[in-house]
1. Within segment 172-209, which residues are surrounded by fewer than 18 Cβ atoms within 10 Å (Cβ to Cβ) and at pLDDT 90 or above?
2. Determine whether PHE154 is outside the structural domain of ALA89 (by TED's automatic domain parsing), at pLDDT below 90 and surrounded by 13 or more Cβ atoms within 10 Å (Cβ to Cβ).
3. Can you tell me which residue among LEU225, LEU215, LEU160, LEU169 is at pLDDT 85 or above and crowded, with 19+ Cβ neighbours inside 10 Å?
4. For segment 53-76: of the residues being assigned to a helix (DSSP H, G or I) and at pLDDT 90 or above, which is farthest from SER210 (Cα to Cα)?
Amino acid sequence: MRTDALISGSLVEPTFVRGLEPRAYDWARPDMFSKEQIWALSLLHERYAVSLGESLPVAPASCHVHAVDQETFGELRASVGPGSARVAAQAEPGGAEGAPPEGRRYFAQSRGAPALFGPEASERIARDARTLEAASPFSVILFYAPSGGAFARFLSDAALFEGRFLPLLRDAWKQRVRMPALVASPSGASAGASAIADGSMILLVQLELSDTKELMTMVYPSDHLRKVLRFLS
């Protein structure tokens, strides 16, 4: 197999990548977003950050995007302090425009596989897949902020969170895809976080207050957000 063609993904003009070394792929931490999609998400959330900064009781335009990255949820949880403010936003029933309709899924396995799934495990896998397929791309969005800071105070204010944070986020997304109405989870961030496995990939967006360098972290489960990736390319 020709390594240069393998790297480039092209069997026509592979010469421009001659001499490059193949990059090892980490199957436990797979890339879910391309650089182009990360860039589009950065611009989208920069608009959100500016609008948020102008609407909050801090100096105008003092909020901006600090980082947009992909990592596992377990890595994020390990980096978040135990006393951090945590809020979950969830989509109201109805889903988002642009989400693909639910289709039939089939579960197959080889008879020679060393580990076989029984009927109960197969049904559980199929049920989880159906639930994920029917979910909105914005079914769960988590917000984290250091305790005692400005962001933590804002997140703890339910009226401000639902009246400012979430509508402004919808406005930022509407240039790419229609986001359904979002509401704060009645049982807090623990309800949304319990549905995300530690090994699941997430999109992490961090907003920063320019004066204090305080960060607020937003978490999108990648399995949900992948449904609207075509609108980000």
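The values are calculated or read from the model by the stated rules, or taken from the named source; none is laboratory data. Please read all numbers here as calculations on a predicted model, not as lab measurements. A quick note on method: Cβ atoms are made from the backbone with ideal geometry, for glycine too, and the neighbour counts reach across all protein chains shown.
1. Matches in segment 172-209: GLN206 only.
2. Values: outside the structural domain of ALA89 (by TED's automatic domain parsing): no; at pLDDT below 90: yes; surrounded by 13 or more Cβ atoms within 10 Å (Cβ to Cβ): yes.
So PHE154 fails the test.
3. On the way: LEU225 fails: at pLDDT 85 or above; LEU215 fails: crowded, with 19+ Cβ neighbours inside 10 Å; LEU160 fails: crowded, with 19+ Cβ neighbours inside 10 Å.
Criteria check complete, one pass: LEU169.
4. The qualifying residue farthest from SER210 (Cα to Cα) is GLY74.
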